[in-house]
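Please read the structure below before turning to the comments.
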Amino acid sequence: SGIHPLLQRLPKCEHHIHLEGALTPQVLFTLAAKNRIELPTDDPAFASPEGLVERYREFDSLDDFLHYYYIGMSVLLDAGDFETLAWDYFTHAAADGVAHCEVFMDPQAHMGRGIGYDVVLSGFQQARKRAESELGITSELIACFLRHLPPADAVATFEQDAVRESFAAGHVIGIGLDSSEKPFPPELFQVVYQKGGFMGLKRTAHAGEEGPAAYVRTALDTLHVDRIDHGVRVIEDDALLKRVADENILLSVCPISNVFLKGVQSVADLPIRKFIDAGVRFSINSDDPAYFGNNYILANYCAVQEAFNLTAAEWVAICEGSIHGSWCSQKRKEELF
Ligand code: HPA
Ligand code: ZN
């Protein structure tokens, strides 16, 4: 449509991208060969990168995707692998007109297979530095806890020296909560979020993706998050919708992800128009672009435009809301406006 050049040009902020979700089948196979990682032999999808691309088109749920997501990241071993992964994301982000991004990582998923936190962090930091100097993209790192593991595991991870130091130094500015949503309500993770709050960390959590609107409420009430990842199911609760609008909670919506994981049949079924009408602040994001048809942020903007035919003024308002809801410095925000 005529608005496409505007979507490309707008200074976009991305708030919901799992760096491990930027692992393309091509890079997955390359690193598996380099690191001599044996991919599953009992699943024909792993016969070739093309086989994975095909299989990724048939996810039937969040958990079906996560099965592939955790196998995929098993090819990441050294700091250079993590740098390669993040750099691949940043180059796509630059091509799509991303100005600033706040990226997730899943430390427990790596530490649980014997990879040191510092290995993961140093690779990502290297790519972030390069993205800022070569691409002009600013970024922040958010460490997510895995909700399918015991809450005590999240606390123990938080308490590790290298992890605490990365928070204290500002190398990692916030915490999140991801992985299988049902049946793991946010309130299970109150202790680790309280610790994050004491350290002055920013807090967000996945909620209302597959799980009910009630998970959004308990994330707000018990984890004291100021952002909700996905959150699209708040539309099922009018009072909560109003609260999210009144408290300026940013929802990091991932339209193409929701279609791939069968949360909705099509992007048109998402409550984008209802969010705009209710004054709910949201950003539009890619989530796990390499797993969802190689669709990075701009494809998500375009899919929303195809479905909702927004005006230029509405797009500018979405991008301004995304800047407001970012966790960068006030100085950086002013540059972005
Ligand atoms: N939801 C929950 N966990 C995840 C996701 C997601 O969209 N992507 C990576 N881990
Ligand atoms: Zn996500």
Cα-based Rg then Dmax for region 251-329, in Å, read 12.2, 38
Beyond 28 Å (Cα-Cα) in this structure, taken from LYS182/LYS202; LYS129/LYS242; LYS129/LYS202; LYS12/LYS242; LYS12/LYS274; LYS182/LYS242, we find LYS129/LYS242
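Given 4 °C and 1.567 mPa s, how large is the Stokes-Einstein diffusion coefficient of the chain in µm²/s, with Rh as the Kirkwood radius over Cα pairs? Walk me through the numbers before you get to the answer.
On the way: Rh = 19.9 Å.
In µm²/s, the coefficient rounds to 65.
Per residue and in cubic angstrom, what volume does the convex hull of the Cα atoms of region 171-303 have? Don't skip to the answer; put the middle values down first.
Working: hull volume 14.6 nm³, N = 133.
Each residue corresponds to 110 Å³ of Cα convex hull volume.
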Everything considered on the Cα gyration tensor (a ≥ b ≥ c; rounded for a/c under 1.5, else prolate if a/b is larger than b/c, else oblate), region 1-127 must be described as oblate
Projected convex hull area of region 253-293, Cα atoms, direction-averaged, in nm², equals 2.8 nm²
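If you filter region 14-99 for GluC sites (Glu not before Pro), then keep DSSP loop positions with at most 14 other Cβ within 10 Å, what is left?
Numbers: sites: GLU14, GLU20, GLU38, GLU50, GLU54, GLU58, GLU83; in loops: GLU38, GLU58.
Filter output for region 14-99: GLU38, GLU58.
Given Cα positions, please report Rg to Rh for region 147-238, the hydrodynamic radius being the Kirkwood one. Could the numbers behind the result be given before it?
On the way: Rg = 13.1 Å, Rh = 13.3 Å.
Taking Rh as the inverse mean 1/r over Cα pairs, Rg/Rh reads 0.98.
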Whole-Å distance linking the alpha carbon centroid of region 41-81 with that of region 122-168 is 23 Å
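Give me the orientation-averaged projected area of the Cα convex hull of region 63-171, in nm², one decimal. Walk me through the numbers on the way to the answer.
Numbers: hull surface 28.5 nm².
Orientation-averaged projected area of the Cα hull: 7.1 nm².
Could you line up HIS324, HIS230 from fewest to most neighbouring Cβ atoms inside 10 Å? Walk me through the numbers on the way to the answer.
Working: HIS324 15, HIS230 29.
Arranged by neighbour count, lowest to highest, HIS324, HIS230 become HIS324, HIS230.
Bear in mind that the values in this text are calculations on the coordinates, not laboratory data. Treat the numbers as computed from the prediction; the structure is a model and nothing was measured. Virtual Cβ from ideal backbone geometry, glycine too; neighbours counted across all protein chains shown.
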